[in-house]
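Student: Got a structure for you, questions after.
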Amino acid sequence: MAKNIIYKVLDFGDGWAADSIADEMSKVASDGWAVIRIMSIPVCYEISRLPDPMPGLNDGDRVSVASSMRVVFSK
């Protein structure tokens, strides 16, 4: 007999705090869903470099990364 599997995908962006993510994942898990995969998805990479004759990153330069987390559940 074939078993039917249902999938649910939740994305948690930078607006989510760690405790809120944990609460949401616990809520979904308590409804019988099991986590099968967690992925980090880069949304934006940005390097801001001020003009400077010195190579590489220097004082005032900035690197920022924004990402979201995708969680795949199954039931």
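The values are calculated or read from the model by the stated rules, or taken from the named source; none is laboratory data. Predicted model only: the values in this text are computed from it and were never measured. We place every Cβ from the backbone using ideal geometry, glycine too, and count neighbours over all the protein chains shown. Heavy atoms of the whole protein, side chains included, go into the accessibility calculation; ligands, DNA and RNA do not. Shrake-Rupley method; radii C 1.70, N 1.55, O 1.52, S 1.80 Å.
Student: Would you mind checking the tilt of helix 18-30 against the longest principal axis of the Cα atoms of the chain, expressed as 0 to 90 degrees and rounded to 10?
Tutor: Computed tilt is about 20 degrees.
Student: Would you work out which of SER48, VAL72, GLY32 lies farthest towards the positive end of the dipole of the stretch 31-75, given +1 charges on the beta-carbon of Lys and Arg and -1 on that of Asp and Glu, about the Cα centre?
Tutor: About the Cα centre, the residue reaching furthest to the positive side is GLY32.
Student: Also, I was wondering about something else. Carbon and sulfur atoms: what percent of the 1.4 Å accessible area of the chain do they account for?
Tutor: 57 percent
Student: On full extension of the chain, what length is gained from MET54 through ALA17, given 0.36 nm per residue of separation minus the C-alpha to C-alpha distance?
Tutor: Gain on stretching MET54 to ALA17: 9.5 nm.
Student: OK, next. Probe 1.4 Å, all protein chains in place: accessible area of ILE36 in Å², nearest 10?
Tutor: In the full protein context, ILE36 sits at about 90 Å².
Student: Can I ask one more? Per residue of the chain, what 222 nm ellipticity follows from adding -39500 (n - 2.57) for every DSSP H run with n ≥ 4, rounded to the nearest 500?
Tutor: After summing the helix terms and dividing by residue count, I get -5500 deg cm²/dmol.
Student: Using a Gaussian network model of the chain whose springs link C-alpha atoms within less than 10 Å, name the residue from GLY13, GLY32, GLY60 with the highest mean-square fluctuation.
Tutor: Answer for the Gaussian network model of the chain: GLY60.
Student: Would you work out the charge dipole size for the chain about its Cα centre, treating the Cβ of every Lys and Arg as +1 and the Cβ of every Asp and Glu as -1, and quote it to the nearest 20 debye?
Tutor: 600 debye
Student: Could you work out the relative contact order of the chain, using alpha carbon pairs under 8 angstrom and six or more residues apart, expressed as a whole percent?
Tutor: RCO, the chain: 49 percent.
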